[in-house]
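The values are calculated or read from the model by the stated rules, or taken from the named source; none is laboratory data. Every value quoted in this text rests on a predicted model; they were computed, and no experiment measured them. Cβ atoms come from the backbone with ideal geometry, glycine included; neighbour counts cover every protein chain shown. What goes into the accessible areas is simple: the full protein's heavy atoms, side chains included, and nothing from ligands, DNA or RNA. Shrake-Rupley method; radii C 1.70, N 1.55, O 1.52, S 1.80 Å.
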Amino acid sequence: MGSLKGRDILHGNQFTKREIETILKVAAEMEKELRTKSSLNLLKGKILATLFFEPSTRTRLSFETAMQRLGGGVISMGPVEGSSVAKGETLVDTARTVAQYADVIVIRHPRIGSAKEVADAVAVPVINAGDGAGQHPTQALLDLYTIRKELGTLKNLSIALVGDLRNGRTVHALVEILSHFDFRFYFVAPSLLRMPEEITRRMREKGCEIVETEDLAIAASKSDLLYMTRIQKERFTDLSEYERVKGSYILNQEFLGRLKKRITILHPLPRVDEIHPDVDSYSGAAYFRQVRNGVYIRMALLCMIFGKR
Ligand code: NCD
């Protein structure tokens with residue numbers, strides 16, 4: 001306990017509160033270091049491999065940035081068509097191969113549980129950068145870091161999680177992480193996209209106060225924070241269902257004007273239409289600051305996995 005050295009990062013529920021606090025602390029150190037230096041030599045000679053079977057901009061590039069800022073190297077498996085996956089190689093065989101080259105593997109794959117399968121098959125630490133509609137724990141940690149930075153506290157806060165709570169892996173991981181702190185939750189989704197029952201039940205058992213609603217205006221009026229999410233089109237087997245729920249919640253300046261208070265807005269990005277660009281200049285719009293925090297959190301995690309913090 002207490003140390004992430006040599007460990008996998010697979011699920012939002014794997015951390016103790018103390019570990020989460022340590023990660024935030026190390027991330028803040030990284031942020032501070034990067035104010036005066038462009039790179040640190042903590043992981044010189046180490047190699048990180050990114051193995052992405054789904055599109056990514058922020059997660060992959062911020063892991064690569066984090067490793068390079070720490071003085072380490074990066075190898076990256078490009079699109080599936082360019083690798084032996086196109087010849088029918090299994091995920092586990094591909095990962096076993098990559099583990100011969102790299103000291104840590106970051107994987108994103110459409111199947112729930114895929115990161116765990118890989119972690120069980122290889123000797124090097126594995127980081128889950130999104131397993132289908134499952135989990136995305138490093139995003140959740142950077143979200144938490146952002147909340148603390150934006151609001152200055154993790155106590156007595158209300159958060160509304162909005163959009164595709166059924167398929168959104170970022171919210172699945174985030175609520176697990178937030179359950180260690182003092183949050184009241186509004187789960188705002190159309191009935192088709194409600195938070196999986198299993199997660200809501202587990203959180204209630206831990207004592208979390210959760211209100212499930214379809215009404216964004218009411219939830220927003222009672223919240224300090226809005227966590228907007230994209231409707232995850234790629235997870236729908238029936239596209240007519242997607243057509244029915246797309247555009248369910250759209251945040252724009254007019255909506256914020258009616259709120260009559262400042263609210264902090266997060267989004268893991270990419271956005272489709274759920275946050276109108278006219279919100280970007282709003283002081284509480286924190287989603288691009290949130291992007292930057294991804295580098296600090298991922299630097300912290302890598303340092304800790306290699307026992308450097
Ligand atoms: C998210 C993801 O891939 O789960 N993006 C991210 O990692 N920042 C969110 C999304 O795709 O909607």
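For this structure, a couple of remarks:
- Some residue of region 51-66 being within 16 Å of the ligand (Cβ to nearest atom), under 17 Å from T138 (Cβ atoms) and part of a strand (DSSP E or B): yes
- Which listed residue is open to solvent by 30 Å² or more (accessible area, probe 1.4 Å) and outside any helix (DSSP H, G or I), from K5, K32, K25: K5
- Among helices (runs of 4 or more DSSP H) entirely within region 211-309, having at least 1 residues that are in contact (Cβ under 8 Å) with a residue 24 or more places away in the chain, of a type in the set (A, V, I, L, M, F, W, C) and open to solvent by 20 Å² or more (accessible area, probe 1.4 Å) singles out 216-221, 253-259, 287-305.
- For region 133-148, a residue qualifies if it is surrounded by 21 or more Cβ atoms within 10 Å (Cβ to Cβ) and either in a strand (DSSP E or B) or within 13 Å of the ligand (Cβ to nearest atom) (or both), and the qualifying residues are G134, Q135, H136, P137, T138, Q139, A140, L141, L142, D143, T146.
- In region 219-233 there is at least one residue matching the filter, namely being farther than 25 Å from L141 by Cβ, touching a helix residue (DSSP H, G or I) at 6+ places or on another chain (Cβ under 8 Å) and within 16 Å of the ligand (Cβ to nearest atom).
- Subset tally (residues that are part of a loop (DSSP other than H, G, I, E, B) and over 16 Å from the mean Cα position of the chain (by Cα)) for region 151-177: 5
- Residue count for region 192-210, restricted to those that are under 22 Å from the mean Cα position of the chain (by Cα) and either within 16 Å of the ligand (Cβ to nearest atom) or open to solvent by less than 60 Å² (accessible area, probe 1.4 Å) (or both): 8
- Every condition in (1) within 16 Å of the ligand (Cβ to nearest atom); (2) more than 20 Å from A119 (Cα to Cα); (3) acidic (D, E) holds for E29 except the one numbered (1).
- Every pair of residues 6+ apart whose Cβ atoms lie under 7 Å, when the first sits in region 178-197 and is without any contact (Cβ under 8 Å) to a residue 40 or more places away in the chain and in a loop (DSSP other than H, G, I, E, B) while the second is open to solvent by 20 Å² or more (accessible area, probe 1.4 Å) and among the polar types (S, T, N, Q): D182/N156
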